[in-house]
Amino acid sequence: MRRVYMDNNATTPIHPEVMEVLKESLDLYGNASSHHSFGTEAREKVEEARASVARLIGAQPEEIVFNSGGSEGNNYVVKGVTCEGRACSISSRGNHIITSSIEHPSVLNVAKCVESLGVEVTYLPVDQYGLIDPDGVEKAVKDNTCLISIMFGNNEVGTIEPIEEIAEIAKRHDILFHTDAVQAVGKIPVDVNKLGVDFLTLSGHKIYGPKGVGALYVRKGRKICPLIEGGHQEMSLRAGTENTLGIIGLGKAAEVAAKEMPGERKRLTALRDGLYEGLAARVEETRLNGHPTQRLPGTANIGFKYVEGESILLRLDMEGIAVSTGSACTSDSLEPSHVLLAMGIPPEEAHGSMRFSLGRENTDEDVDYVLEKLPPIVQDLRQMSPLYAKK
Ligand SMILES: Cc1ncc(COP(=O)(O)O)c(C=O)c1O
């Protein structure tokens with residue numbers, strides 16, 4: 001049976017060039033902090049990777065802090081800037097943070113956590129496309145706002161937020177600005193200086209690198225409480241012996257992403273649009289969730305009225321097609337997606353929405369296969385749907 005993987009926002013396959021480097025590096029076991037040749041060899045590789053990640057986002061190598069991935073980076077910033085509600089606030093301004101209602105759980109749940117410790121949090125709404133209004137950000141600013149954290153590209157619907165405009169507002173008010181760019185980096189151009197961000201989160205396994213490794217960009221001069229205290233690794237910002245192999249893989253993934261992005265961006269946008277248009281032509285009452293154009297290249301979140309997304313997912317899986325009903329981090333929850341609800345989509349329609357996230361291995365033939373298999377599945381499920389019968 002043909003197998004089609006369209007869940008690249010959950011994770012991506014390792015790029016062949018990354019695989020090659022990982023294989024070559026398996027026996028590089030020196031501790032990068034050791035002052036002998038074994039350690040120096042590892043240190044050189046770690047620093048090469050740091051330079052490669054920095055190049056991908058227009059940063060300086062010393063502004064890149066390696067960590068375990070996107071969740072850690074996001075925890076780090078929200079907890080680190082607010083010092084988890086303790087009186088030692090890094091910012092002299094106070095302990096109010098602004099974020100949005102559509103963030104990934106690794107921002108939203110951390111915001112709730114620090115809120116319970118006394119930090120004040122404003123969760124901004126979004127419009128029908130999942131867009132955050134920069135004027136709304138400005139209106140939410142208070143005298144005690146110390147951090148604004150707004151994601152770059154949404155993992156469920158792909159909407160790309162006006163990060164540059166929001167960063168400008170933060171700068172004008174002397175507020176630290178963080179963006180969770182886990183879904184944007186490697187897919188669209190990201191330049192920390194053009195954007196004007198203070199902190200930026202990225203993750204290896206979303207850009208064809210290994211899982212369990214990522215990086216946080218920390219602008220030179222910005223202070224933050226370390227999340228993990230201990231040794232002096234990573235400029236004393238993240239203790240723990242470096243995950244050398246993971247970091248090497250991330251460095252290679254960043255290098256390859258920079259090279260492949262322009263072509264892949266165009267190709268995936270065309271594939272994604274072909275998929276949606278093909279489905280809309282074959283299945284009545286479908287809707288595209290997310291911004292029609294201001295969207296990540298490979299992401300199409302599509303609602304099929306009157307049916308359950310979970311049922312579609314299982315039936316597609318039986319045909320060898322892998323998609324998702326939302327983010328992988330909330331896939332155990334029966335609640336409709338918080339992102340779709342925040343966009344004003346009724347719960348029953350949110351339940352019938354599927355995320356197709358295309359990646360570098362997807363082809364026109366994959367799209368044709370989905371266009372062949374999916375419409376009869378939706379028709380079949382609708383025949384069994386009490387909502388469809390009542391319409
Ligand atoms: C937008 C966003 N932020 C953060 C994360 C978490 O990244 P990681 O899986 O590396 O912890 C994800 C992963 O799905 C994501 O999509």
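Assuming 0.890 mPa s and 25 °C, estimate D for the stretch 16-256 with Stokes-Einstein, Rh taken as the Kirkwood radius over Cα pairs, in µm²/s. It diffuses with D of about 136 µm²/s by this estimate. Could you check what % of the DSSP bridge pairs in the chain are antiparallel, to the nearest 5? In the chain, approximately 55 percent of DSSP beta bridges are antiparallel ones. Phi angles across the stretch 271-280 convert, under the Karplus curve 6.51 cos²θ - 1.76 cosθ + 1.60 with θ = phi - 60°, into 3J(HN,Hα) values of 4, 4, 5, x, 5, 5, 4, x, 5, 4 Hz, Gly and Pro given as x. As an equivalent ellipsoid, the stretch 341-391 spans semi-axes of 26, 18, 5 angstrom, where each value is the square root of five times an eigenvalue of the C-alpha gyration tensor, largest first. Here the sum of -39500 (n - 2.57) over DSSP H runs of 4 or more residues, divided by the residues of the chain, equals -13000 deg cm²/dmol at 222 nm, to the nearest 500.
The peptide list 5-15, 117-127, put in order of mean Cβ contacts within 10 Å with the highest first, becomes 5-15, 117-127. Compared with the direct C-alpha span, the chain from HIS35 to ASN144 gains 34.7 nm at full extension, assuming 0.36 nm per residue. For helix 70-82, what angle does its Cα long axis make with the longest principal axis of the chain, in degrees from 0 to 90 and rounded to 10? Helix 70-82 and the main axis of the chain meet at about 60 degrees. The three principal axes of the Cα atoms in the stretch 1-79 give end-to-end lengths of 52, 36, 23 Å, sorted in falling order. Between ASP364 and ALA258, the contour length at 0.36 nm per residue exceeds the Cα-Cα span by 35.8 nm.
Considering only C-alpha atoms, what is the centroid distance from the stretch 270-290 to the stretch 337-391, in Å? Each part's Cα centre sits 9 Å from the other's. Any lysines with Cα under 23 Å of the LYS252 Cα? List them, leaving off those in the same chain fewer than 8 positions away. Cα-Cα hits under 23 Å: LYS23, LYS45, LYS187, LYS206, LYS211, LYS266.
For the stretch 164-177, putting each phi into the Karplus relation 6.51 cos²θ - 1.76 cosθ + 1.60 with θ = phi - 60° gives couplings of 4, 5, 5, 4, 5, 5, 4, 4, 4, 9, 6, 10, 5, 10 Hz, in residue order, rounded to whole numbers and with x for Gly and Pro. The three principal axes of the Cα atoms in the stretch 1-47 give end-to-end lengths of 51, 19, 13 Å, sorted in falling order. Across the stretch 13-19, rounded Karplus estimates of 3J(HN,Hα) from the backbone phi angles (6.51 cos²θ - 1.76 cosθ + 1.60, θ = phi - 60°) give x, 5, 5, x, 5, 6, 4 Hz, Gly and Pro being marked x.
Across the stretch 16-256, Cα pairs under 8 Å and at least six residues apart give a relative contact order of 27 percent. Here LYS142 is the anchor, and the lysines within straight C-alpha reach of less than 30 Å, apart from those fewer than 8 places off in the same chain, are LYS79, LYS112, LYS171, LYS194, LYS220, LYS223.
Taking R0 as 25 Å, what's the FRET efficiency between ALA51 and GLU164 from their Cβ-Cβ distance, rounded to 0.05? Once rounded, the FRET efficiency stands at 0.50. Taking Cα atoms only, the orientation of helix 37-57 departs from the longest principal axis of the chain by about 50 degrees. Largest mean-square fluctuation among GLU229, GLU310, GLU115, in a Gaussian network model of the chain whose springs join Cα atoms under 10 Å apart, belongs to GLU229. In this structure, LYS391 and ILE188 have a Cβ-Cβ separation that, at R0 = 45 Å, corresponds to a calculated FRET efficiency of about 0.70.
The C-alpha atoms of the chain define a longest principal axis, and helix 364-383 lies at about 60 degrees to it. Electrostatic bookkeeping for LYS142 treats Lys and Arg as +1 and Asp and Glu as -1; over the other residues with beta carbon under 12 Å from its beta carbon, the sum is -1.
None of the figures in this text is laboratory data; all of them are computed from the coordinates on show. Since we're looking at a predicted model, the values are computed, not measured. Positions of Cβ are backbone-derived with ideal geometry, glycine not excepted, and every protein chain shown enters the neighbour counts.
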